[in-house]
Each structure stands twice: as structure tokens, then as C-alpha cells.
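Take a look at the structure below.
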Amino acid sequence: MTAGTIASVSTPPGTSGVAVIRVSGERAREVALGVAGKLPAARRATLATLSDQSGDPLDRALVLWFPAPQSFTGEDVLELQVHGGRAVVAAVLDAVLAVPGTRPAEAGEFTRRAFENGRLDLSEVEGLGDLLQAETQAQRRQAFGLFSGRLTSEADRLQSLLLPILAQVEATIDFPDEGDVTNAALVAARGDLSRLAEEVSALLASAGRGERVRDGVMVAIAGPPNAGKSTLLNALARRDVAIVSPQAGTTRDSLEVHLDLGGMAVVLVDTAGLRDTADPVEAEGIRRTRQRIAGADLTLWLATDRAALAQASQTGAGAVWPVQTQIDRDDHRLDGAQHRISAVTGEGMAALIEALTAFAAEQAGGEPAVIVHRRHRLIVEDLAAAVGAALSIQNWDEAPELVAEQLRGGLAALGRSRGRIGTEAMLDQLFSAFCIGK
């Protein structure tokens, strides 16, 4: 990305009541004066007539001015809230870009500048991205927590626990003759690190929940051909997503549908019917089906007869619900069926949806998770590895350099949560904890 003053429409394309045009950079003041004819008071909406360079009026709009550094990007920012007609938006944006030194923003450049200017750290940027993509209330709550610094706060808390431990170890290396530095202090520090290790393990244990909220609880719909898998998918989606045909092997590849069940994101996967086949295309679909079943949080195994239903235990999946289907055709009850449904008449569907909603809430419900992205999990895994390596050293007083190296690695891992790593915090802790230089 290059420097300069950037401008862009921040609202979706199309006709709307209001559209927002944002400008950020050192020439934002000139844009305000050139287009609106005045510079409004900071952070106060001001009504103004917008004009082009020739003085022709374009629109009456609300103008907001956010001087640096108290703005989203940390730079001077101008916002123009104009009427949302396509012609109005295009004309005002052209007038803005006509100001020398102003150019169209690149994708994500406003947020990139907020990060580079210290207004957002990396995890907050990720939270903002998730917030923009949130489709369910659970995703919104989790994304807002990340955007509001939930991961950053947890990383800061863990760092505040790890720094004094490192300070104790560093002191035994640099100041072994000081009265404050004793083996007893190292024993206490080791105990503190053991307790920290337990907290990190508990944090890692919750990682799957956060990723499920963000990506959705994966539910595979599986079973033999013609068991009603595509029909069930269409019924749950309330639209025709999959082709329904009495001919076996119609579904050759997995189809995905995203649902909102009780505020939780659920991804339904319609898979190819499992059977022996000589068709290489269908065989590939079956191979992919087995992969999706293995990776699913839950598999709905659909069957219409006793022999097919018994195959539910042979899927190799974790959670499997045997489901008897097409009960509108044959009402004979199959032993072992957890649910009995007809996707055509709707019988049993309400109970199945209720159960799926409860399962999703169990897998992804509760307080917003701290670990949301794979990057976050890798950071905490690196922290856990560093703490574990330090604890594996039996005699800290004999190898303090090795212990300190592992603990510094743990701090470096925590620093990656922000996207910035420094050592000043450790030095500040070291000099404040001991009377060095007395």
C-alpha cells in the first residue's frame, strides 16, 4: 500500500436513503474546504451544500470532521453523509477525488491504516472483519468481543502473570549475589508458572467452541442412496438446494447450506449416498462424503430400513444420530432410530430442528470465546509449549538461562496476538521488582 489521502464509499452499492463517503489522510482538510466550503467543528455533524470544483451544487449532506489522532485511522478523517442515489454518490466521490493528492482507497486500507497507526491491534482487526461477516447473534457477540479487545485483554493478563516469573529468573542470571534473589524465590516462581500452565490449558480447551461459532457447527446428512438426504436438506433450508430424484447416485458432491438455529450458525452438508459403485465420479463423491463425515461435529444418518439404520454405528464419526425417514410412506418403527421424520409432510421435523438447535447451543453457546481464529489457537499452543518446556527443566537454579529462554518465547507468542512484539515490558518489570543498583 502507498501513502496519500484516500477516499471511498463506505456503504454498499445501490440506491439507499444515505450513503457515506470517507476520506482519510493529510489532505482531508483540503477536501472538506474544497467540497463542503468549510471545516466543521470536530466530531459534530454539520449540514452543508456540497459542490464540485466549478461550484455546481451536488447535494446537501451532513459533514463530520475527526482530526488526528482521535479518529478511526489515526489520521484526519472526513465523512460525508450524502443522499444514496447512484448519481449523487458518483458525483460527490468524483469531486472528492478531484482534490489534488486524493486517490481511491484500496481494499481494507482504512483498517490497515488504523492498525499501522496503533488505533487497532491485529486481533481487533480480525474482530472487525468477523463483525462485518457475522450472520448470527452468536457470531455477532463473539466478533464484537474480539473487536473490543477480548483477546488482547486476556493476552495482557497472561503476560502480567508471566512477566514476574521471568523477572525472577532473569535476576538469578544477572544479579546472583543480590539479597532479593534466592532459590526460594525460584521455587515460588515455578509454582506460579504451574498455575499459569493450568489456565493456558483451560483456554486451549475452549478453542473449538470459538471456531465453531465463527465457522458454524458442521452437520453432515449421510446415509445410503434414496434415504431422503437431499429432501431433508431442502426442507431444513426451506428452499430447493439439492436435486431430488429417485435415481440412486444423483448427489455426486457435497452441498452446503448455512442456517441460523437459535442464533447459532449451523452448516448442513448433503453428501453422496454411500454404496459400492463402479462409477468413478460417484466413487469420488463417496470418498469425499467419508471425509466430511469424519470432520463433522454431528452426522445425521438417514435410513428407511433396519439394515441401513444399523450402519450408523459403522460411520466412524463422532456424534451420530440415526434418523428414520420417509415415515409418510412406511410408518413401521425402526428400533434404534433417534428421530423419525417425514420431510414431505413435516412430521417429526419440529423435534429434529429443536434437537439440532440444542446441539448447536451445546457446541458453540455460552460466553463469547477468547480463541476465535486458528491464529489465536496457534499462539496459545506456542505459549503452552513454552511454559511446558520451562516446567520440564527440573532444577531452575542450575539452568536459569534455559528457563528464561523458554519464558521469553512464551512472551513472544503472546505479543503476536497484537501483531507487535517488544521487550520493554519485561525490562520495566525486571527493574521495578528488584532493588537493582542499591
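Do we find a residue being among the small types (Gly, Ala, Ser) and modelled with pLDDT of 90 or more anywhere in region 391-400? Yes - at least one qualifying residue is present in region 391-400.
Residues in region 68-107 that are farther than 23 Å from THR15 by Cα, open to solvent by 30 Å² or more (accessible area, probe 1.4 Å) and small (Gly, Ala, Ser): ALA68, ALA98, GLY101. With respect to the conditions (1) at pLDDT below 85; (2) in contact with a helix residue (DSSP H, G or I) (Cβ under 7 Å, 6 or more places away or on another chain); (3) over 25 Å from VAL125 (Cβ atoms), CYS435 lacks only one, and its number is (2).
THR15 passes every criterion in (1) in contact with a strand residue (DSSP E or B) (Cβ under 7 Å, 6 or more places away or on another chain); (2) over 24 Å from LEU132 (Cα atoms) apart from (2). In summary, THR11 fulfils each of the numbered conditions (1) surrounded by 15 or more Cβ atoms within 10 Å (Cβ to Cβ); (2) modelled with pLDDT of 95 or more; (3) out of contact with any Phe, Trp or Tyr (no Cβ under 8 Å at 6 or more places or on another chain) with the single exception of condition (2). Of the numbered criteria (1) under 30 Å from LEU131 (Cβ atoms); (2) open to solvent by 30 Å² or more (accessible area, probe 1.4 Å), the one HIS376 fails is (2).
Among residues that are free of Cβ contacts under 8 Å to residues at least 60 places away in the same chain, over 30 Å from MET264 (Cα atoms) and of a type in the set (Lys, Arg), ARG103 is not included. Apart from one condition, GLN53 fits all of (1) free of Cβ contacts under 8 Å to residues at least 24 places away in the same chain; (2) of a type in the set (S, T, N, Q); (3) open to solvent by 60 Å² or more (accessible area, probe 1.4 Å); the exception is (1). Comparison of ALA41, ALA114, ALA32 shows that the only residue that is in contact with a Phe, Trp or Tyr (Cβ under 9 Å, 6 or more places away or on another chain), touching a residue at least 40 places away in the same chain (Cβ under 8 Å) and more than 30 Å from GLN142 (Cα to Cα) is ALA32. Once region 337-352 is narrowed to residues that are open to solvent by less than 60 Å² (accessible area, probe 1.4 Å) and either part of a loop (DSSP other than H, G, I, E, B) or in contact with a helix residue (DSSP H, G or I) (Cβ under 8 Å, 6 or more places away or on another chain) (or both), the residue that is modelled with the lowest pLDDT is ALA343. Looking only at residues in region 307-325 that are farther than 21 Å from VAL266 by Cβ and modelled with pLDDT under 90, the one that is most open to solvent (accessible area, probe 1.4 Å) is GLN314.
Being small (Gly, Ala, Ser) and either assigned to a loop (DSSP other than H, G, I, E, B) or touching a helix residue (DSSP H, G or I) at 6+ places or on another chain (Cβ under 6 Å) (or both) is a description that does not apply to ALA91.
Residue count for region 401-432, restricted to those that are among the hydroxyl-bearing types (Ser, Thr, Tyr), modelled with pLDDT under 50 and under 19 Å from LEU122 (Cβ atoms): 1.
The values are calculated or read from the model by the stated rules, or taken from the named source; none is laboratory data. Because the structure is predicted, anything quoted here is derived from the model rather than measured. Cβ: placed from backbone, ideal geometry, glycine included. Neighbour counts: every protein chain shown. Calculation scope for accessible area: heavy atoms of the full protein, side chains included, ligands and nucleic acids excluded. Shrake-Rupley method; radii C 1.70, N 1.55, O 1.52, S 1.80 Å.
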